[in-house]
1. If you go through the range 40-63 one residue at a time, how many are in contact with a helix residue (DSSP H, G or I) (Cβ under 9 Å, 6 or more places away or on another chain), free of Cβ contacts under 8 Å to residues at least 40 places away in the same chain and in a helix (DSSP H, G or I)?
2. What about residue 24, is it more than 27 Å from residue 155 (Cα to Cα) and either under 14 Å from the mean Cα position of the chain (by Cα) or part of a helix (DSSP H, G or I) (or both)?
3. Quick check: is even one residue across the range 124-140 at pLDDT 95 or above and over 18 Å from residue 74 (Cα atoms)?
4. With 138, 161 as the choices, which residue is touching a strand residue (DSSP E or B) at 6+ places or on another chain (Cβ under 8 Å) and in a helix (DSSP H, G or I)?
5. From the set of residues in the range 126-135 that are in a loop (DSSP other than H, G, I, E, B) and in contact with a helix residue (DSSP H, G or I) (Cβ under 7 Å, 6 or more places away or on another chain), which is farthest from residue 65 (Cα to Cα)?
6. So for the range 64-86 (the condition being surrounded by fewer than 18 Cβ atoms within 10 Å (Cβ to Cβ), in contact (Cβ under 8 Å) with a residue 24 or more places away in the chain and more than 30 Å from residue 164 (Cβ to Cβ)), does at least one residue qualify?
7. Got a number for residues in the range 110-122 being in contact with a helix residue (DSSP H, G or I) (Cβ under 9 Å, 6 or more places away or on another chain), in contact (Cβ under 8 Å) with a residue 60 or more places away in the chain and surrounded by fewer than 22 Cβ atoms within 10 Å (Cβ to Cβ)?
8. Would you please list the contacts, defined by Cβ atoms under 6 Å and residues six or more apart or on different chains, that run from a residue in the range 11-22 that is at pLDDT 95 or above to a residue that is outside any helix (DSSP H, G or I)?
C-alpha cells in the first residue's frame, strides 16, 4: 500500500480484552498461532469476534496482522516500556540485546504496511523476548507499520542501548 493513511486511534482496550479472552479459548489461540500470514488469520472465526468489536473504519488486513501476532504473546508488560525497548534489553545476566542490531535494522527495512514480511518477522522477534510485550505499543506498531512507527521504535531501541553503554 503506497497511499498514505491517516492514523486514527485504535480501540486498544477492546483489542486487549479480546487478547485476554484467548487465554480461556486455548484452541482458538492455537489456531491463530498456526497461521503463517495475516491472510490465513482472516479464515479463523476468533478473528471475527475481534473484528465486530472494531469501528467500520478499521482495516481488516491490518487488524488480522495484529490478531495473529498477538496470539503469540503470553504476557502483557505494564508500564511505559515500548516493545522496541524490550528488543534492546539483554536477557537476565546477559550483556547483548535480545534482538541484535542487524536483525532490528532488518525489521525497520520492512516496507510500510507490508504485512507479508512483517508478520513472520514479528512472531520470530516475540520469541526472542520470551513472548512478553507491552501490548499497546505492539498493537499500535503493527497496525500502523509506517515511517512514524519505525522512527518511534528506532528511538526506543537505540536510546535504550545508548543509556546502558558502559
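The values are calculated or read from the model by the stated rules, or taken from the named source; none is laboratory data. Predicted, not measured: the structure shown is a model, and the values here were computed from it. FYI the Cβ positions are ideal-geometry reconstructions off the backbone, even for glycines, and counts take in every protein chain you see.
1. Summing the residues that are in contact with a helix residue (DSSP H, G or I) (Cβ under 9 Å, 6 or more places away or on another chain), free of Cβ contacts under 8 Å to residues at least 40 places away in the same chain and in a helix (DSSP H, G or I) in the range 40-63 gives 9.
2. no
3. no
4. Within the list 138, 161, the selection yields 161.
5. 129
6. There is no residue in the range 64-86 that is surrounded by fewer than 18 Cβ atoms within 10 Å (Cβ to Cβ), in contact (Cβ under 8 Å) with a residue 24 or more places away in the chain and more than 30 Å from residue 164 (Cβ to Cβ).
7. Here the count works out to 3.
8. Listed pairs, sorted by first residue: 14/53.
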